[in-house]
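The values are calculated or read from the model by the stated rules, or taken from the named source; none is laboratory data. It should be emphasised that the depicted structure is a prediction, and the values quoted were computed from it without experimental measurement. FYI the Cβ positions are ideal-geometry reconstructions off the backbone, even for glycines, and counts take in every protein chain you see. Just the protein is used for accessible areas: all its heavy atoms, side chains included, with ligands, DNA and RNA removed. Shrake-Rupley method; radii C 1.70, N 1.55, O 1.52, S 1.80 Å.
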Amino acid sequence: TDEIMQQEIRPLVAVDIIEQLHRQFAILSGGRGKDGAPIITFPEFAGFSDIPDEDFLNVVTYLTSIPSLEAASIGFIIIIDRRRDKWSAVKASLTRIAGAFPGNLQLVFVLRPSRFIQRTIADIGIKLYRDDFKMKVPIIMLNSVSDLHGYIDKSQLTRELGGTLEYGHSQWIHHRTAIENFAMTVKTTAQMLQTFGTDLAETELPNDVQCTEDLLSAHTDHHGKLKDELKLAVKQGATLLTCIREPVTRSANSKLSPDELENVATVERLLAQLDETEKAFDQFWTKHHLKLEQCLQLRHFEHDFREVKLTLDNLMEAQSGFADIGDSVTRVEHLLREQKQLEEKGQEPLEKAQSLALHGEQLIQNNHYAVDSIRPKCVELRRICDDFTNETKKKYDILGKSLELHKQLDKASQWCEAGIYLLASQAVDKCQSQEGAETALVEIEKFLVTAKEHQLSNPKEFYNQFDMILTPEIKANAQRILQKLEDVQEMFDKRQVSLKKLAAKQTRPVQPVAPHPESSPKRASPKITRPA
């Protein structure tokens, strides 16, 4: 692209002087001298002296600009055909060429007038006026084309000069305009690609999904149109190349002239430049398109991240509102159901967050340009998910402990009530007998065994087990129930002591004693005086 853009712009192209070229007062037939010098021919032209200086200079300047620098540096050979003209025309032609020829001259051949008198005058004139022409190169006067063939091979001369070189002026003009049009197409295409590349490089990436999608679509459309322009340019060059090579293709005996070979080389060079330009553009587009696609991926990721994070934040806020651990079994069971509902509600957002974090890590693995923006968001998503999961587990643990606590407190309270009921149901009169006392003791002992089943036998262990959830209210309730347990236990202990005493008195052996005569008849029997 740089090579095309930096090429020197020629001051003239064929289309600028197309009318002057069609007059055919000077031609570049494509023939070369023995050393490769380009040949410019000035055919017989009746109105040569009437050609405006500007037109003459433009045509000659244009013709000398066509051969390669290497060929032009050898020097041009000029053939002036004035066989049907007068010496005055020869003199005028030499004077004009000497004063306006822009190239490096090597030789000047003049086919002098064929009429005897004009030839004689020309011989005298060339001797007298040679210095006036201000030419530092030899001027060779020739009587006929046969003399010219002694200097230049017939294969390098057109038929008008007795040669075999095929030359059609209209076709030559057509090829020149086509080549120059193609060169301009290549240059214009390169400029379009460079301008588009500059626009792409200076484009700021959008901050939202919709604008990014619009930009990606617009750039892709523009890229497609430029690719179509490139295809058309390549097709144009290929067609032109085929046209230039057409004589060789048509006939195996035909050969392209040196100028035609240079035309082929020029078109091939332009096609190569076009190919290099397209490759460079494709490489740049691939990088830019990838960046736009990654930008779109990033904007989608950021949009999804905001939505998921908002949902997770709401979940965390809802979860933080579950500070109540319940004051009864019924309340705790209700809280557990609510916690379960929150967990189920958070299942889908958590899965989305995990999936989005995984997607972000895949973007990082695919060498996304915004790694520094994506990675912290992935970390944040996983942290929130872990926090929610851990907090949920913690809530379940606390509520589970709370449920266990309240169930034990309920059982303890129920045990106390049952104990009190048991004590109250033991009729005093039935316990007066040994059998009644022992039965009552058995009932009490069986009932006290159930205290161990409720793990309420050790208050200290009870407090250690549930210390993490003992709020002042729960602790006060627990202390009340534990105090009640102590009170009931103490009641059982006292009852047991009493019943054991009754049972022990009932089992004492009675010794048969004979009545003592001195015994006082008023003394009460031990059996009668035993306290109730």
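Sorting 325, 77 on solvent-accessible area from highest to lowest, probe radius 1.4 Å, gives 325, 77.
One entry in [x] 132, 17, 15; [y] 59, 33, 19; [z] 92, 27, 15 is semi-axes √(5λ) of the Cα gyration tensor in Å calculated from the shown coordinates; its label is [x]. Near residue 310, once Lys and Arg are set to +1 and Asp and Glu to -1 for all other residues with Cβ below 13 Å from its Cβ, the sum equals -3. As a fraction of the 1.4 Å probe accessible area of the stretch 189-260, surface on carbon and sulfur atoms comes out at 53 percent.
Using the Cα centre as the reference, give the magnitude of the dipole from point charges on the C-beta atoms of the stretch 14-165 (Lys, Arg: +1; Asp, Glu: -1; all else neutral), rounded to the nearest 20 debye. Can you show the working numbers first?
Details: 18 positive and 17 negative charges, 136 e Å.
Rounded to the nearest 20 debye, it is 660 debye.
Just add up the charged neighbours of residue 322: K/R +1, D/E -1, any other residue whose Cβ is under 15 Å from the Cβ of residue 322. Cβ neighbours under 15 Å give a net charge of -2.
Report the gain in length on full extension from residue 68 to residue 487: 0.36 nm times residue separation, minus Cα-Cα distance, nm rounded to one decimal. Write out the running numbers ahead of the final one.
Values: separation 419, 0.36 × 419 = 150.84 nm, distance 12.34 nm.
Here the segment from residue 68 to residue 487 would lengthen by 138.5 nm.
Measure nothing fancy, just the Cα-based angle from helix 53-65's long axis to the longest principal axis of the chain, in degrees from 0 to 90, nearest 10. The answer is roughly 60 degrees. In this view, the solvent-accessible surface of residue 243, computed with a 1.4 Å probe and all protein chains in place, comes to about 60 Å².
For residue 137 and residue 427, compute 0.36 nm times the residue count separating them, minus their Cα-Cα distance, and round to one decimal in nm. Before the final figure, lay out each step's value.
On the way: separation 290, 0.36 × 290 = 104.40 nm, distance 15.84 nm.
Here the answer is 88.6 nm.
Kindly report the accessible area of the chain per residue (heavy atoms of protein chains, probe 1.4 Å, no ligands, DNA or RNA), in Å².
Solvent-accessible surface per residue comes out at 58 Å².
Which one of 95, 107, 300 is farthest out on the positive end of the charge dipole of the chain, using unit charges on Cβ (Lys, Arg +1; Asp, Glu -1) and the Cα centre as origin? Farthest along the dipole direction, towards plus: 300.
Around residue 153, under 11 Å between beta carbons, what's the net of Lys plus Arg minus Asp minus Glu among the other residues? Intermediate values should be presented prior to the final figure.
On the way: positive: 32, 34, 154; negative: none.
Neighbour charge sum, excluding residue 153 itself: +3.
Charges were assigned to the Cβ only: +1 to each Lys and Arg, -1 to each Asp and Glu. The resulting dipole of the stretch 214-358 about its Cα centre is roughly 660 debye. Across the options 156, 178, 232, the greatest Cα extent toward the positive end of the charge dipole of the stretch 142-295 (unit charges at beta carbon of Lys, Arg, Asp, Glu) belongs to 156. Computed over protein heavy atoms with a 1.4 angstrom probe, the accessible surface ordering of 369, 396, largest first, is 369, 396. Relative to the dominant Cα principal axis of the chain, helix 472-506 is inclined by about 30°.
Since only 63, 463, 197 are under comparison, the one whose Cα sits farthest along the positive direction of the charge dipole of the chain, derived from C-beta charges on Lys, Arg, Asp and Glu, is 463. What part of the accessible area of the stretch 8-56, given as a whole %, is carbon or sulfur when the probe is 1.4 angstrom? It is 49 percent, rounded to a whole number.
Counted over the chain, the DSSP beta bridges are approximately 10% antiparallel.
Among the listed pairs 401/475; 291/377; 340/484; 411/475; 345/475; 340/401, give every one whose C-alpha distance is greater than 24 Å. Pairs exceeding the cut-off: 340/484; 345/475. Between the helical axis of 169-202 and the longest alpha-carbon principal axis of the chain there is an angle of about 20 degrees.
Once the GluC sites (Glu not before Pro) in DSSP loops with at most 10 neighbouring Cβ atoms within 10 Å are cut out of the chain, the longest remaining piece is 205-517.
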